[in-house]
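Notes follow once the structure below has been shown.
Derivation of every value follows stated rules applied to the coordinates shown; laboratory data play no part. Since we're looking at a predicted model, the values are computed, not measured. Note that each Cβ is placed from the backbone with ideal geometry, even for glycine, and that neighbours are counted across all protein chains shown.
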Amino acid sequence: MRGVSVRLGEYNLELDLDCTSTPEYPMCADKHIDIPIAEMVVHEHYRPFDDNQYNDIALLRLARDIPYTDFIKPVCLPIYPNLINEYFVGTNATTAGWGRTETQRSGSSIKMKVTLPVRSNLDCKDVYASRRVSLSTQQLCVGGESGKDSCKGDSGGPLMHLYTAPGEINWYIIGIVSFGPQICGLNGWPSVYTRVTEYVPWILKHLRP
């Protein structure tokens, strides 16, 4: 993928260096880094023109190792049985990105985040049936609250669950932004995410040094 890269450690797209606005305690993040993409692995059963958007997942293999810092860290993959068998219904999860903050607006220059409830797929069944969309167990139904949603430009971004246990506090990726209502943040219209736990074997199969 010549000329295409992944940017890490970014926050404000309009600034080369991200700093706090508190003059008494100025603090700046390390400069973002761009790493070329060596390979893109799209799920073999993904059909981009299918309204259902099943298997909406891909992996990017980077051209070199990532230097972890205070501002660049990985999210955890839910490989453990207590997480891989969890549906997360009734819990809250957080998504983040630079997508639109309103349907008719352009994308945000600052990375935004929003915490949303994970719902039963039945909550999405009726509303999406009118669009002839049918959810599978490989998808998550998330949100549906007025003014709180992922939006255009957020697709492919993470849905993260904060898991706490004795001796462990970690963020796990449980979903990937896939699609939603035409009007973002529409009350009663949850968005649909790819359910990462259903694809852990596929992800592990394609990992290599």
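Of all residues in region 33-82, those satisfying the criterion of being surrounded by 11 or more Cβ atoms within 10 Å (Cβ to Cβ) and of a type in the set (Lys, Arg) are 47, 61, 73. Across region 76-109, the number of residues qualifying as within 18 Å of residue 138 (Cβ to Cβ) and among the aromatic types (Phe, Trp, Tyr) comes to 2. Taken over region 138-181, residues that are of a type in the set (Lys, Arg) and in contact with a Leu (Cβ under 8 Å, 6 or more places away or on another chain) amount to 1.
Residues in region 83-106 that are surrounded by fewer than 16 Cβ atoms within 10 Å (Cβ to Cβ) and assigned to a loop (DSSP other than H, G, I, E, B): 85, 87, 89, 90, 91, 102, 103, 104, 105, 106. Tell me yes or no: at least one residue of region 162-174 is within 12 Å of the chain's Cα centre (by Cα) and under 24 Å from residue 47 (Cβ atoms). Within region 162-174, one or more residues are within 12 Å of the chain's Cα centre (by Cα) and under 24 Å from residue 47 (Cβ atoms). For residue 35, the conditions (1) of a type in the set (Val, Ile, Thr); (2) assigned to a strand (DSSP E or B); (3) in contact (Cβ under 8 Å) with a residue 60 or more places away in the chain all hold with the exception of (3). Taking the criterion of being part of a strand (DSSP E or B) and surrounded by 20 or more Cβ atoms within 10 Å (Cβ to Cβ), the residues of region 107-143 that qualify are 116, 118, 139, 140, 141, 142.
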